[in-house]
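The values are calculated or read from the model by the stated rules, or taken from the named source; none is laboratory data. Fair warning: this is a prediction, and the values are worked out from it, not measured in the lab. Every residue, glycine as well, gets a Cβ built from its backbone with ideal geometry; the counts of neighbours run over all protein chains shown. For the accessible areas, the whole protein counts, side chains as well, though only heavy atoms, and no ligand, DNA or RNA atoms are used. Shrake-Rupley method; radii C 1.70, N 1.55, O 1.52, S 1.80 Å.
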Amino acid sequence: MKPNTRNGKRFNYLFGLINLAAVYCIVWLLWYVFMNPNAVMKLYDPFYGLSLILVFLVSIVLMTNVADFYPFQVKGSNAITQGIILVVVSLLLMLFIHYIFFWNFIGRFGVAYFSPQSIVTSGGIGADPLNARVIASRAILFFCATFLWWAMFWSLGFGRWPWSGMSRGVLAWSRFFTVMFFTVISYAILFHPVVCQFFYPAQNKAGVELWWISFTGTASPNFTMGLMFCILPWIVMSHLLWEGYPWKRLEENGEGTFVKGVVTFFGTAILGIITFGIMLKIMNIFLGEAFVGGQYTDGLDFRYMHTGEISVFFMLAATILKTYFNNFPNNLGLWARAVIRTVIALVGGLLVYFFYYSPATIFFLGCETGRGYPEDTPLAWAMLFLGIILIQEEFFQGHPLKRTEKS
């Protein structure tokens, strides 16, 4: 394949731009039907809507990055037929995870705060249906964000290791249970204690005292969420824009290794921590110093979460560059094109940032999107956009932007 081509044909950047515009319209339509607080379903409160969107994105990543499309046969299949089938499966998987697994299984027989009904049944202060749904949605959101982090990292760092020679079924199930294992441990440390604080009195026998209060100045889970989402863009960019490097140098025979996985984990984590600190410093310059008890943009909890929200814009821009603009440029050396792509993704992320907080987006989304507005988070819109892009690229094999032999 030539550097600036797909399937041996010169890439049409105008067609890519038109395709991106069409995908944006699809995102807008889905938002209008399901999330717009003034339209049809009105699911965006925002935590309930955000949890549904994130579970939907997790179902896509589960099928692509974790299961590698098992048990479906993707190669050589018709792109349209295959895409429709996989979309239906991902929607059913989303409904199963959110409403059956969390609300009616784990929430009923294990951890009550994953189910609104269990919270209401338990009684106590704040156990009304609306508040209970918010608490359950936030818990599901935290768990799925942790799963998303581990699934995407494992795909980049370890890949098929240590099941390289195994069948697709063994690989899929082994990788799933491994990712779940680390997800449960990470969730228990990073988010479970704070969910126990959502109740009155706090469930201090179930969750320990928050270990990050002393050095963050907040009891909010926004610290751990923001830090996690600052790591994710480096996983995405090194996978898409850097073509797997520098971690790829640690592979053996084109497969992941234990060393590669460990180095990738700490490498992306360090880049995320640095990004987290830099963005906090930049916000201090433009918004003033944050302080304990500060409201909205002056609050530490807002600053921590806003770093993660901005990072998702970078993820979105990197995915758009790879999918609709053929990972431009392609006619330079690896590191030169990786640097240029990264700069484009960062600038593109900032452009998306300013677009999201403009009056135009308020019109498109039907809700206030001002910085620090408590009833909004750009995570929902950006994650929905990412999900639709992944559906076209992975489920429909890039069709119609990228033609396959049988499509």
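With all protein chains kept in place, the per residue accessible area of the chain amounts to 46 square angstrom at a probe of 1.4 angstrom.
Charge dipole (Cα centre; +1 on Lys/Arg Cβ, -1 on Asp/Glu Cβ; no other charges) of the chain amounts to roughly 1240 debye. Full extension of the chain between Val292 and Ile84 yields a length gain of 69.9 nm, computed as 0.36 nm times the residue separation minus the alpha carbon distance. For the set Arg160, Arg341, solvent exposure ranked by accessible area (probe 1.4 Å, protein chains only) runs largest to smallest as Arg160, Arg341. Here the extension length gained between Leu130 and Ile18 equals 36.2 nm, from 0.36 nm per residue of separation less the Cα-Cα distance.
For the chain, the longest principal axis of the C-alpha atoms and the axis of helix 300-324 are separated by about 20°.
In the chain, a dipole from Cβ-located charges (positive for Lys and Arg, negative for Asp and Glu) runs towards its positive end, and of Val339, Ala219, Val194 it is Val339 whose Cα lies farthest in that direction.
Prolate is the label for segment 1-159, because the ratio a/c of its alpha-carbon gyration tensor axes (a ≥ b ≥ c) is 1.5 or higher and a/b is greater than b/c.
Per-atom-type breakdown for the chain gives carbon and sulfur 69% of the accessible area (1.4 Å probe, protein chains only). The modelled label-to-label distance for the pair Ile189/Ala39, using points 7 Å beyond Cα in the direction of Cβ, is 4.1 nm. The long axis of helix 79-95 is offset from the longest Cα principal axis of the chain by roughly 10 degrees. What is the angle, in °, between the Cα long axis of helix 222-240 and the longest principal axis of the Cα atoms in the chain? Nearest 10 is fine, range 0 to 90. Rounded to the nearest ten degrees, it is 0. Placing pseudo-labels 7 Å out from each Cα toward the beta carbon at Phe176 and Glu375 gives an inter-label distance of 3.9 nm. Computed with a 1.4 Å probe on the full set of protein chains, the accessible area for Asp301 sits at about 60 Å².
Modelled label positions at Leu95 and Ala206, each set 7 Å beyond Cα in the direction of Cβ, lie 2.9 nm from each other.
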